[in-house]
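Derivation of every value follows stated rules applied to the coordinates shown; laboratory data play no part. Because the structure is predicted, anything quoted here is derived from the model rather than measured. Backbone-built Cβ (ideal geometry, glycine too); neighbour counts: all protein chains shown.
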Amino acid sequence: MRTRVQKYPGGVAVLVPDALASEAGLIDGEPADLELAGGRLVVRPAGPGTLAELLAGVTPENLHAEWAAGPPAGAELL
């Protein structure tokens, strides 16, 4: 399959057809990891990141308070 490399501000872009992106697990708007392996560009879904990276995104503005889930609904131990 062939595609075209196009210049964009700050780099270049390659259009990945929907069927190939779906098969590779790439989702629009989600992060992806890039690496060079054996002279080839490899693109992979990035995953959620490390715990440290996730916690770095927690701020006083987006930290929610405790919330009540309601009374026990089954055989929960309190």
Problem - Ranked D28, D33, criterion: other C-beta atoms within 10 Å, fewest first - result: D28, D33
Practice task
Step through the residues of the range 5-13 one at a time and calculate ³J(HN,Hα) from phi using the Karplus curve (6.51 cos²θ - 1.76 cosθ + 1.60, θ = phi - 60°), rounding each to whole Hz and writing x for Gly and Pro.
Solution key: 8, 10, 6, 10, x, x, x, 10, 10
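Do you know the relative contact order of the range 5-56, to the nearest whole percent, from alpha carbon pairs under 8 angstrom that are 6+ apart? List each step's numbers first, then the result.
Numbers: 40 pairs, mean separation 11.6, N = 52.
Taking the mean separation of contacting Cα pairs over the length of the range 5-56, I get 22 percent.
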Fill in the blank from the handout: trypsin sites (Lys or Arg not before Pro) in the chain lying in a DSSP loop, each with at most 14 other Cβ atoms within 10 Å of its Cβ, come to R2, R4
Handout entry: J(HN,Hα) series, the range 32-40, from Karplus relation 6.51 cos²θ - 1.76 cosθ + 1.60, nearest Hz, glycine and proline x
Key = 9, 9, 10, 8, 9, 9, x, x, 10
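Based solely on its DSSP helices, what 222 nm [θ] is calculated for the chain when runs of n ≥ 4 H residues each add -39,500 (n - 2.57) and the sum is averaged over all residues, nearest 500 deg cm²/dmol?
Rounded to the nearest 500, the figure is -4000 deg cm²/dmol.
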Practice task
Mind computing the radius of gyration and Dmax over the alpha-carbon atoms of the chain? Å is fine for both.
Solution key: 20.7, 60
Completion exercise
Interchain or sequence-distant (5+) residues whose placed amide H lies within less than 5 Å of the amide H of A32 are A46
